[in-house]
């Protein structure tokens, strides 16, 4: 689990894998006959393809102009005292 900067024992890592919400959802949906294992695998593959395409698009996009570098990073100030929607 070093990719996230945390060192865990094999047992601890396996315990956390059992708590994985995506795995738990897929198991619950399969157990409830909402989806088959194959359907869930196909859905997971399609989602992975969307993520890869978005990553590639972002990687190929031009860098923003320096004066726009922080656009969409910080929320603009408002005078609504927390009432803005």
Would you mind ranking 26, 66 by Cβ crowding within 10 Å, fewest neighbours first?
66, 26
The stretch 2-59 -> Rg/Rh from Cα coords, Kirkwood Rh, value 1.10
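Throughout, read-outs are computed from the coordinates displayed, never taken from laboratory work. Note that the structure is a prediction, hence the values are computed from the model and not measured. Neighbour counts are summed over all protein chains in view; Cβ atoms, including those assigned to glycine, are modelled from backbone coordinates with ideal geometry.
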